[in-house]
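The block underneath contains the structure these notes are about, expressed in C-alpha coordinates.
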Amino acid sequence: MYYQIFSKIYERAAKKMCFACQDFIKKGSKILDLGCGSAIVGNEFKDFFQAEVIGVDIVDRRILNLPFKIYDGRDLPFPEKSFDIVLLNYVLHHCQDPLALLKEAKRVVRDKIVIFEDLPEGFFSNLICKIHDLTFTKFFQHQNHSLSFKSEKEWEIIFRDLGLNIIYKKRRDNFPLKKELFVLGLSL
(Lines give C-alpha, C1' and ligand atoms only; values in the text may rest on other atoms or scores of the structure.)
Protein backbone atom coordinates (compact mmCIF):
# COMPACT_ATOMS: atom_id res chain seq x y z
CA MET A 1 0.00 0.00 0.00
CA TYR A 2 2.82 2.43 0.94
CA TYR A 3 4.53 2.03 -2.44
CA GLN A 4 1.29 2.46 -4.39
CA ILE A 5 0.55 5.73 -2.61
CA PHE A 6 4.01 7.17 -3.37
CA SER A 7 4.67 5.42 -6.70
CA LYS A 8 4.70 8.61 -8.82
CA ILE A 9 7.25 10.21 -6.49
CA TYR A 10 9.42 7.07 -6.68
CA GLU A 11 9.12 7.00 -10.49
CA ARG A 12 10.29 10.62 -10.80
CA ALA A 13 13.19 9.97 -8.41
CA ALA A 14 14.14 6.81 -10.34
CA LYS A 15 14.26 8.71 -13.64
CA LYS A 16 16.64 11.25 -12.05
CA MET A 17 18.77 8.36 -10.77
CA CYS A 18 18.98 6.90 -14.28
CA PHE A 19 20.15 10.23 -15.69
CA ALA A 20 22.75 10.48 -12.91
CA CYS A 21 24.11 7.04 -13.91
CA GLN A 22 24.02 7.33 -17.69
CA ASP A 23 27.80 7.81 -17.97
CA PHE A 24 28.47 4.62 -15.99
CA ILE A 25 25.91 2.07 -17.15
CA LYS A 26 25.93 0.73 -20.70
CA LYS A 27 22.76 0.01 -22.63
CA GLY A 28 21.91 -3.69 -22.43
CA SER A 29 23.66 -4.22 -19.09
CA LYS A 30 22.68 -6.99 -16.73
CA ILE A 31 21.74 -5.26 -13.46
CA LEU A 32 21.03 -6.65 -10.01
CA ASP A 33 18.69 -4.37 -8.05
CA LEU A 34 19.79 -5.42 -4.58
CA GLY A 35 17.10 -4.53 -2.05
CA CYS A 36 14.62 -3.76 -4.83
CA GLY A 37 11.62 -3.01 -2.60
CA SER A 38 8.71 -2.04 -4.84
CA ALA A 39 10.72 -2.67 -8.06
CA ILE A 40 9.87 0.85 -9.27
CA VAL A 41 13.53 1.87 -9.49
CA GLY A 42 14.61 -1.41 -11.08
CA ASN A 43 11.85 -1.08 -13.67
CA GLU A 44 12.99 2.45 -14.58
CA PHE A 45 16.59 1.23 -14.94
CA LYS A 46 15.35 -1.64 -17.14
CA ASP A 47 13.56 0.74 -19.49
CA PHE A 48 16.13 3.56 -19.47
CA PHE A 49 19.16 1.32 -20.06
CA GLN A 50 17.33 -1.36 -22.08
CA ALA A 51 18.78 -3.65 -19.46
CA GLU A 52 18.07 -7.04 -18.01
CA VAL A 53 17.23 -6.30 -14.37
CA ILE A 54 16.68 -8.81 -11.60
CA GLY A 55 15.49 -7.70 -8.19
CA VAL A 56 16.32 -9.32 -4.88
CA ASP A 57 15.12 -8.49 -1.40
CA ILE A 58 14.51 -10.20 1.93
CA VAL A 59 10.74 -9.74 1.48
CA ASP A 60 8.76 -9.49 -1.75
CA ARG A 61 7.19 -6.01 -1.76
CA ARG A 62 7.12 -5.54 -5.53
CA ILE A 63 4.23 -3.66 -7.06
CA LEU A 64 5.69 -4.13 -10.57
CA ASN A 65 6.47 -7.39 -12.31
CA LEU A 66 10.27 -7.41 -12.31
CA PRO A 67 12.11 -10.77 -12.25
CA PHE A 68 12.77 -11.44 -8.58
CA LYS A 69 14.47 -13.74 -6.08
CA ILE A 70 14.23 -13.82 -2.31
CA TYR A 71 17.53 -13.08 -0.58
CA ASP A 72 18.23 -14.70 2.80
CA GLY A 73 20.14 -11.65 4.07
CA ARG A 74 23.50 -13.43 3.86
CA ASP A 75 24.22 -15.09 0.51
CA LEU A 76 23.03 -13.76 -2.82
CA PRO A 77 21.56 -16.62 -4.89
CA PHE A 78 23.88 -16.01 -7.88
CA PRO A 79 27.32 -17.21 -8.95
CA GLU A 80 30.35 -14.93 -8.98
CA LYS A 81 30.48 -12.20 -11.63
CA SER A 82 26.84 -12.69 -12.68
CA PHE A 83 26.03 -8.99 -13.21
CA ASP A 84 27.55 -6.00 -14.95
CA ILE A 85 26.07 -3.64 -12.36
CA VAL A 86 24.82 -4.04 -8.80
CA LEU A 87 22.45 -1.25 -7.79
CA LEU A 88 21.98 -0.44 -4.09
CA ASN A 89 19.28 2.18 -3.96
CA TYR A 90 19.01 3.58 -0.41
CA VAL A 91 19.49 0.07 0.98
CA LEU A 92 22.70 0.05 3.00
CA HIS A 93 21.32 1.99 5.96
CA HIS A 94 18.62 -0.70 6.34
CA CYS A 95 21.12 -3.57 6.64
CA GLN A 96 22.12 -5.13 9.92
CA ASP A 97 25.51 -5.85 8.33
CA PRO A 98 26.16 -3.50 5.39
CA LEU A 99 29.75 -4.75 5.03
CA ALA A 100 28.56 -8.31 4.43
CA LEU A 101 26.08 -7.05 1.85
CA LEU A 102 28.80 -5.07 0.08
CA LYS A 103 31.05 -8.15 0.04
CA GLU A 104 28.27 -10.14 -1.61
CA ALA A 105 27.67 -7.32 -4.11
CA LYS A 106 31.38 -7.33 -4.93
CA ARG A 107 31.30 -11.12 -5.39
CA VAL A 108 28.48 -11.10 -7.96
CA VAL A 109 29.49 -7.99 -9.97
CA ARG A 110 31.75 -7.80 -13.03
CA ASP A 111 31.96 -4.06 -13.54
CA LYS A 112 30.49 -1.52 -11.10
CA ILE A 113 28.49 -1.12 -7.92
CA VAL A 114 26.18 1.90 -7.96
CA ILE A 115 25.07 3.17 -4.55
CA PHE A 116 22.61 5.87 -3.64
CA GLU A 117 22.64 6.58 0.09
CA ASP A 118 21.28 9.12 2.58
CA LEU A 119 23.88 10.92 4.69
CA PRO A 120 23.26 12.13 8.26
CA GLU A 121 25.39 15.23 7.71
CA GLY A 122 24.15 18.57 8.97
CA PHE A 123 21.39 19.29 11.43
CA PHE A 124 18.36 18.80 9.15
CA SER A 125 19.69 15.76 7.32
CA ASN A 126 20.65 14.10 10.61
CA LEU A 127 17.19 14.86 12.01
CA ILE A 128 15.43 13.38 8.97
CA CYS A 129 17.60 10.25 9.14
CA LYS A 130 16.58 9.84 12.80
CA ILE A 131 12.90 10.33 11.95
CA HIS A 132 13.26 7.81 9.12
CA ASP A 133 14.80 5.36 11.58
CA LEU A 134 11.94 5.76 14.04
CA THR A 135 9.08 5.67 11.56
CA PHE A 136 10.18 3.35 8.77
CA THR A 137 11.58 0.60 10.93
CA LYS A 138 8.68 0.58 13.37
CA PHE A 139 5.69 1.12 11.09
CA PHE A 140 6.72 -0.11 7.65
CA GLN A 141 9.44 -2.72 8.01
CA HIS A 142 8.62 -3.80 11.56
CA GLN A 143 12.34 -4.25 12.20
CA ASN A 144 13.77 -4.42 15.67
CA HIS A 145 17.16 -2.95 14.75
CA SER A 146 18.07 0.67 14.13
CA LEU A 147 19.08 1.95 10.73
CA SER A 148 22.80 2.50 10.23
CA PHE A 149 23.28 5.81 8.47
CA LYS A 150 26.92 6.68 7.83
CA SER A 151 28.73 9.81 6.73
CA GLU A 152 30.42 10.16 3.36
CA LYS A 153 33.84 9.67 5.00
CA GLU A 154 32.68 6.54 6.86
CA TRP A 155 31.42 5.02 3.59
CA GLU A 156 34.69 5.92 1.85
CA ILE A 157 36.69 4.06 4.52
CA ILE A 158 34.41 1.01 4.27
CA PHE A 159 34.68 0.94 0.47
CA ARG A 160 38.49 1.24 0.60
CA ASP A 161 38.77 -1.51 3.22
CA LEU A 162 36.65 -3.81 1.02
CA GLY A 163 38.86 -3.18 -2.03
CA LEU A 164 36.28 -1.05 -3.83
CA ASN A 165 37.52 2.02 -5.70
CA ILE A 166 35.41 5.13 -5.89
CA ILE A 167 35.19 5.88 -9.62
CA TYR A 168 32.74 8.72 -9.15
CA LYS A 169 30.81 10.36 -6.38
CA LYS A 170 28.39 13.21 -6.37
CA ARG A 171 26.52 14.89 -3.55
CA ARG A 172 22.84 15.00 -4.38
CA ASP A 173 21.54 17.69 -2.06
CA ASN A 174 17.83 17.37 -1.77
CA PHE A 175 17.25 19.83 1.02
CA PRO A 176 16.84 19.10 3.80
CA LEU A 177 18.27 15.60 3.20
CA LYS A 178 21.81 15.06 1.93
CA LYS A 179 22.20 12.19 -0.49
CA GLU A 180 25.23 10.76 -2.25
CA LEU A 181 25.79 8.78 -5.42
CA PHE A 182 28.82 6.48 -5.26
CA VAL A 183 30.01 4.53 -8.30
CA LEU A 184 32.47 1.84 -7.26
CA GLY A 185 34.85 -0.32 -9.25
CA LEU A 186 36.71 -3.43 -8.22
CA SER A 187 40.35 -3.15 -7.16
CA LEU A 188 42.75 -5.09 -9.32
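Structure notes:
- Site pair L162 and R12 shows an inter-label distance of 3.1 nm when each label is modelled 7 Å from Cα along Cα→Cβ.
- Near A14: Cβ cut-off under 12 Å, other residues only, Lys/Arg at +1 and Asp/Glu at -1. The net charge is +1.
- Sorting E152, E80, E52 by accessible area puts them as E80, E52, E152; the probe is 1.4 Å, largest comes first, and only protein heavy atoms count.
- Shape of the stretch 1-91 from the C-alpha gyration tensor: oblate (a/c of 1.5 or more and a/b not above b/c, with a ≥ b ≥ c the square roots of its eigenvalues).
The values are calculated or read from the model by the stated rules, or taken from the named source; none is laboratory data. For clarity, every value in this text was computed on a predicted model and none was experimentally measured. Virtual Cβ from ideal backbone geometry, glycine too; neighbours counted across all protein chains shown. Accessible surface is based on the protein model in full, side chains and every heavy atom, while ligands, DNA and RNA are left aside. Shrake-Rupley method; radii C 1.70, N 1.55, O 1.52, S 1.80 Å.
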